[in-house]
Amino acid sequence: MSNKLDPHSSSSPFSLSAPHPEQSKFSNYHQEITSDLYLLLPAMNIDSPIPDFLANSRDDAPADLQHLFLDFEDLWERKLWHQLTDRLIEFFNHKESAPQRLAFYKAFILTFADKINQLKLVTLALSAASQCKDSQERLTFLTAAANKVNSPNSQDAYVYATVAVATVKLELKDLDGAKKDLEKSEKILDNFDSVETIVHAAFYRVNAEYYQNQSKLEFASYYRNALLYLACIEIADLSPAERRSRAYDLSIAALVSETIYNFGELLLHPILNDLKKDDAWLYDLLFAFNRGDLAAYDVLAGHISSNPLLVEHRDGLRQKIYLAALTETVFRRPPHDREMSFRTIAEETKVRPDEIEHLIMKALSLGLLRGSIDQVDEIARINWVQPKVLDMKQIDNMRSRLQEWDSSVNQLGNWIEAKGQDVWAA
């Protein structure tokens with residue numbers, strides 16, 4: 001924690017000793033205003049003229065960025081806050097501006113912070129926070145930034161900043177604190193009809209990180225929030241390394257989760273292509289699960305030892321591939337031919353006959369199938385199977401079934417026409 005003086009203590013340079021009664025109201029107001037600024041402006045001389053600050057900063061800036069400082073001063077003097085904000089964001093987006101961002105935010109931006117778009121103010125604060133010396137200083141900085149935009153008209157900015165605070169708390173292993181910030185943010189977001197995409201993206205990203213940092217990992221919650229995050233951003237904006245990492249983590253979460261049996265949204269997502277180069281086995285394993293391919297699973301099972309989570313959930317993976325094989329067996333059959341004996345199911349799924357009844361009951365309880373079981377005759381009557389994403393082989397099988405159906409309809413039509421003869425009238 002920083003060793004800054006408490007602005008309300010007697011040793012603080014902002015404290016006022018023994019104020020006159022007529023001054024007490026002003027004194028309290030002065031302390032209230034300066035307390036937040038004190039957190040953000042420890043090294044700032046608030047009496048320094050803005051033009052002098054900009055001139056000195058221009059001299060310290062890289063040559064290719066110095067022209068921006070003339071724009072800063074011009075727009076500031078003309079009070080063109082919108083244009084000034086956009087130029088500042090442009091400046092902060094340059095890597096070379098990094099050493100100056102924190103001082104710039106404290107000494108310049110905060111002087112007109114209430115006059116600009118509050119969401120953009122937080123964007124600038126987040127960029128400046130990256131230059132704090134450690135996580136604790138960054139937490140103090142971002143907490144003050146969040147408090148600054150906590151007003152009824154800028155709740156989107158407040159959520160954006162609060163989520164950033166939660167990120168730092170995760171870095172500091174304060175999971176309870178991060179959870180409270182995320183729950184508070186979620187309640188606010190639930191009351192919005194619409195909000196900027198960057199706010200939702202930040203919320204889902206940090207939520208996914210929170211579930212990933214639990215001592216008992218919550219795979220389904222991580223999976224859901226990570227996919228929602230990807231839906232809010234342009235995948236091309238992520239580095240190749242981050243795309244691969246996210247694709248890998250999502251795939252592992254989908255496989256080991258006890259509640260995820262349909263990988264459709266992930267299988268259709270372009271980020272999965274980033275596995276093809278170095279983790280092709282994982283890509284193939286996902287599709288093997290999707291089509292219930294036990295033979296492919298057995299071939300790829302040797303790679304399971306490369307990931308501790310897959311090793312830990314090896315038995316669950318075997319159960320999941322059996323369920324996938326069962327649903328695929330049902331799916332391949334036309335609706336009128338889904339009354340199957342346990343023996344038939346065992347032959348088609350390669351599951352031991354004595355495990356078939358339990359497997360069907362598991363599929364029914366999970367909502368993967370709907371139907372009934374005749375335990376005496378060992379027959380399963382299935383009337384519904386959960387929809388799923390189809391690969392090309394499955395699509396080809398469906399095409400064949402449609403062709404068979406079309407042929408049978410034509411045959412029926414020809415039979416009716418032949419039998420009806422003169423009965424049919426135009």
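Within the range 84-102, the set of residues being of a type outside the set (Asp, Glu), surrounded by fewer than 13 Cβ atoms within 10 Å (Cβ to Cβ) and either over 27 Å from the mean Cα position of the chain (by Cα) or not assigned by TED's automatic domain parsing to the domain that holds residue 63 (or both) comprises just one member, 99.
When 184, 169, 180, 173 are screened for being at positive phi and either free of Cβ contacts under 8 Å to residues at least 60 places away in the same chain or in a helix (DSSP H, G or I) (or both), only 173 passes. Close Cβ contacts (under 9 Å, 6 or more residues apart or on different chains) running from residues in the range 229-243 that are touching a residue at least 40 places away in the same chain (Cβ under 8 Å) to residues that are among the basic types (Lys, Arg) and surrounded by 13 or more Cβ atoms within 10 Å (Cβ to Cβ) comprise 230/246. Given (1) of a type in the set (A, V, I, L, M); (2) surrounded by 23 or more Cβ atoms within 10 Å (Cβ to Cβ); (3) more than 25 Å from residue 84 (Cα to Cα), identify the lone condition not met by residue 161. Condition not satisfied by residue 161: (3).
The set of residues in the range 239-270 that are farther than 21 Å from residue 312 by Cα and surrounded by 21 or more Cβ atoms within 10 Å (Cβ to Cβ) contains only 266. Here the range 351-406 is the region considered, the condition is being modelled with pLDDT of 90 or more and small (Gly, Ala, Ser), and the residue that is nearest to the chain's Cα centre (by Cα) is 367. The conditions of being in contact (Cβ under 8 Å) with a residue 40 or more places away in the chain, in a helix (DSSP H, G or I), under 27 Å from residue 153 (Cβ atoms) and among the hydrophobic types (A, V, I, L, M, F, W, C) are met by residue 206.
Sort out which residues of the range 163-211 are modelled with pLDDT under 95 and of a type in the set (Ser, Thr, Tyr), and write them in order of number. Within the range 163-211, just 194 meets the criteria.
The values are calculated or read from the model by the stated rules, or taken from the named source; none is laboratory data. Since this is a predicted model, take the numbers as computed values, not measurements. In this analysis, Cβ positions are derived from the backbone assuming ideal geometry, glycine residues included, and neighbour counts consider all displayed protein chains.
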